[in-house]
Amino acid sequence: MTDPSRLEFDILDSEGLEYHRWVSDVEMAFVAKDFSATLKDPSELKDAPYEKVKAKALMFLRRHIDPSLRWEYLQLKTAKELWDAVKGRFGNIHDTLLPELNAQCNENRLLDYKRTNDFVKDMLRLKARLIFGGNPITEDDMIQKTLDTFPTSSMILANQYRMEYENKRITTFYKLMNMLQSAEKHNEVLVNNNAWLVGTKKIPEANYGKIKHGRHPNEKGPRRANPYPRGNNSNRGKGRGGRGRGRGVSSNVWRRE
């Protein structure tokens, strides 16, 4: 069961800086919860929502606004009243924020970021807020902004990307960012590989790691069985005159003294 006190998205801050994002989140949540009728004028509805539904909608809105706003609008008893009050206060917030957003866009430079991904996130956030403010930034503007703020150490690379852009092989900001991130990953691999001192990595031999099935050199193997066993009284091979082949070996054969 869903916890009714759990936040489903970020609350609306007391200054209304994220008002348009908050409005979008609330509208989607109300559609999913069947609360949308509570934000409409009663004259537009055939059937008024139940009191229980209106209470749940009001609780949801209060839970997703800053505590200072919650206290300020505590006297409002319906979701429609609270919705309209917040809209009247922050509905034109983009007019106030637009000069600041334009300044941030002008000051945002690729060379100030250590990682390309951080630059991408800030640029996309600025793009979204400028769209809500009625002053959208185009793909060409974002590409030009990126190419004009390359560090001087990467001037050759910037010129290569600019040629790609002028020849229409780079047409979107996302494609340029993917190329930059790919180059960044290759550079990281190259730097990591060069961090090792030359000659410190031993190259394995061709037969290194091959399992040898022979016996250990210090291990004594089993004695080989004699193919010609002899008993205790068996004679050795006879030499000339019946003498044994071994020196000083007596023979059981009788001979004349």
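Looking at the structure I just gave you, is Phe9 closer than 27 Å to Arg125 by Cβ and assigned to a helix (DSSP H, G or I)? Write out each step before concluding.
On the way: closer than 27 Å to Arg125 by Cβ: yes; assigned to a helix (DSSP H, G or I): no.
No; evaluated as a whole, the condition is false for this residue.
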Among the candidates Arg62, Arg89, Arg70, residue that is in contact (Cβ under 8 Å) with a residue 60 or more places away in the chain, more than 30 Å from Thr172 (Cβ to Cβ) and in a helix (DSSP H, G or I) = Arg89
remark   = Residues of the range 142-172 being out of contact with any Lys or Arg (no Cβ under 6 Å at 6 or more places or on another chain), more than 19 Å from Asn187 (Cα to Cα) and part of a loop (DSSP other than H, G, I, E, B), in sequence order, are Asn167, Lys168, Arg169, Ile170, Thr171, Thr172
ask   = Would the range 129-142 turn up any residue that is over 20 Å from the mean Cα position of the chain (by Cα) and of a type in the set (Gly, Ala, Ser)?
value = yes
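In the set Ala29, Ala85, Ala79, Ala37, which member is within 29 Å of Ile131 (Cβ to Cβ) and in contact with an Asp or Glu (Cβ under 7 Å, 6 or more places away or on another chain)? Show your work before the answer.
Numbers: Ala85 fails: in contact with an Asp or Glu (Cβ under 7 Å, 6 or more places away or on another chain); Ala79 fails: in contact with an Asp or Glu (Cβ under 7 Å, 6 or more places away or on another chain); Ala37 fails: in contact with an Asp or Glu (Cβ under 7 Å, 6 or more places away or on another chain).
After applying the criteria, what remains is Ala29.
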ask   = What are the residues in the range 132-141 that are at pLDDT below 85 and assigned to a helix (DSSP H, G or I), if any?
value = Phe132
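The values are calculated or read from the model by the stated rules, or taken from the named source; none is laboratory data. Since this is a predicted model, take the numbers as computed values, not measurements. We place every Cβ from the backbone using ideal geometry, glycine too, and count neighbours over all the protein chains shown.
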